[in-house]
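*Asks:* Could you have a look at this structure, given as structure tokens, before my questions?
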Amino acid sequence: MADTRRGLILINTGAGKGKTTAALGTALRAVGNGMKVLMLQFLKGSWHYGELDAVEAFGGNFVLKQMGRGFVKVGGAETDPEDIRLVEEAWAEARAAILSGAWDLVVLDEINYAISYKMLDATVVAETLREKPEMVHVILTGRNAHPLLVELADTVTEMREVKHAYEKGILAQRGIEY
Ligand code: ATP
Ligand code: MG
């Protein structure tokens, strides 16, 4: 096994819980190694997640930004142009951040949803990932990861739902879901 350092493309997908939180865990690990982490959250924006406050402790070494509105109407003509504009803005920032080499790890949280809702083109994302600086790591999260991106990625994990509290009518819990 070669032990050369290199940037990886990782995908956390699947219907089970844990995609975003696994990315946050990896981000914490990276920051602990003195690396700089940028996490851009596509679509998210209305809920206040605990991690937004937690990352404050890391200053400029771990930056987390919500780039959406939280609720997205999907399905062809119904997609609100404002949500598409926000996704385009998020993507422009994500692309610039990846290509800049200023961040050791860039997390594109929920980007797979934006792609599967046809708000963002998978080929455009793939193009940027192919030209990323060698040492930059990128994590993409969200269900229904596009096959093109799965093909391109080095490590792909599919969270499988065995059961979820929600099925018992238990609503999202502070500290666990947000
Ligand atoms: P988390 O942020 O907790 O790691 P996730 O990123 O895997 O979850 P998302 O698809 O982004 O999951 O959805 C986020 C929210 O939906 C979380 O509050 C999560 O608990 C909830 N959720 C995830 N999977 C399920 C499921 N199978 N059934 C019901 N709710 C779910
Ligand atoms: Mg998520």
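*Asks:* Between Thr123 and Glu93, what length comes free when the chain is fully extended (0.36 nm per residue of separation minus the Cα-Cα distance, one decimal in nm)? Intermediate values should be presented prior to the final figure.
*Replies:* On the way: separation 30, 0.36 × 30 = 10.80 nm, distance 1.71 nm.
Between Thr123 and Glu93, full extension yields an extra 9.1 nm.
*Asks:* For the range 5-56, what is the charge dipole size about the Cα centre, in debye to the nearest 20, if Lys and Arg each add +1 at the Cβ and Asp and Glu each add -1 at the Cβ?
*Replies:* Numbers: 7 positive and 3 negative charges, 69 e Å.
Computed about the Cα centre, the dipole is about 320 debye.
*Asks:* Once you charge only the Cβ atoms, +1 for Lys and Arg and -1 for Asp and Glu, what is the size of the charge dipole of the chain about its Cα centre, to the nearest 20 debye?
*Replies:* Working: 20 positive and 24 negative charges, 83 e Å.
For this selection, approximately 400 debye.
*Asks:* If you don't mind, there's one more thing I want to ask. Mind listing the long-range amide H neighbours of Phe62? Cut-off is under 5 Å, sequence gap 5 or more, other chains count too, H placed in the peptide plane at 1.01 Å from N.
*Replies:* When sequence neighbours closer than 5 places are left aside, the close amide H contacts are Val37.
*Asks:* Taking each full run of DSSP H in the chain as one helix, which ones are at least 18 Å long along their axis (Cα atoms) and have mean Kyte-Doolittle hydropathy of at least 0.5?
*Replies:* On the way: long enough: 19-32 (20 Å, 0.55); 81-100 (28 Å, 0.00).
Helices meeting the criterion: 19-32.
*Asks:* What are the extents of the Cα atoms of the chain along their three principal axes, in Å, largest first?
*Replies:* Projected onto its principal axes, the Cα set of the chain covers 47, 35, 32 Å.
*Asks:* Another one. For the range 46-178, with all protein chains present and a 1.4 Å probe, just round the carbon and sulfur fraction of the accessible area to a whole percent. Intermediate values should be presented prior to the final figure.
*Replies:* On the way: 4060 of 7820 Å².
Roughly 52 percent of what the probe reaches on the range 46-178 is carbon or sulfur.
*Asks:* Next up: Largest first, how would Thr155, Thr4 line up by accessible area (1.4 Å probe)? Mind showing how you got there, number by number?
*Replies:* Values: Thr155 55, Thr4 110 Å².
Largest accessible area first, the list is Thr4, Thr155.
*Asks:* What list of ³J(HN,Hα) couplings, whole Hz, do you get for the range 46-54 from phi and the Karplus terms 6.51, -1.76, 1.60, once you set θ to phi - 60° and write x for glycine and proline?
*Replies:* Listing the rounded values in order: 9, 7, 9, 8, x, 5, 4, 7, 4 Hz.
*Asks:* Please check which bits of the range 14-31 a label hung off Ile176 would reach, taking the label as a point 7 Å along Cα-to-C-beta and the cut-off as backbone N under 14 Å.
*Replies:* 17-18
*Asks:* Return the long-range amide H neighbours of Val138 (sequence gap of 5 or more, or a different chain), with a cut-off of under 5 Å between placed amide H atoms.
*Replies:* Here Leu8, Ile9, Leu10, Val106 satisfy the definition.
*Asks:* Between Glu161 and Thr79, what is the label-point separation in nm under the 7 Å Cα-to-beta-carbon projection?
*Replies:* 2.3 nm
*Asks:* Could you list the trypsin sites (Lys or Arg not before Pro) in the range 54-114 that lie in coil according to DSSP, counting only those with at most 16 other Cβ atoms within 10 Å of their Cβ? Walk me through the numbers on the way to the answer.
*Replies:* Working: sites: Lys65, Arg69, Lys73, Arg85, Arg95; in loops: Arg69, Lys73.
Of the trypsin sites (Lys or Arg not before Pro), the ones in loops of the range 54-114 whose Cβ has at most 16 other Cβ atoms within 10 Å are Arg69, Lys73.
The values are calculated or read from the model by the stated rules, or taken from the named source; none is laboratory data. Small disclaimer: the values here were computed from a predicted structure and weren't measured. So basically every Cβ, Gly included, is an ideal-geometry build from the backbone, and we count neighbours across all protein chains shown. For the accessible areas, the whole protein counts, side chains as well, though only heavy atoms, and no ligand, DNA or RNA atoms are used. Shrake-Rupley method; radii C 1.70, N 1.55, O 1.52, S 1.80 Å.
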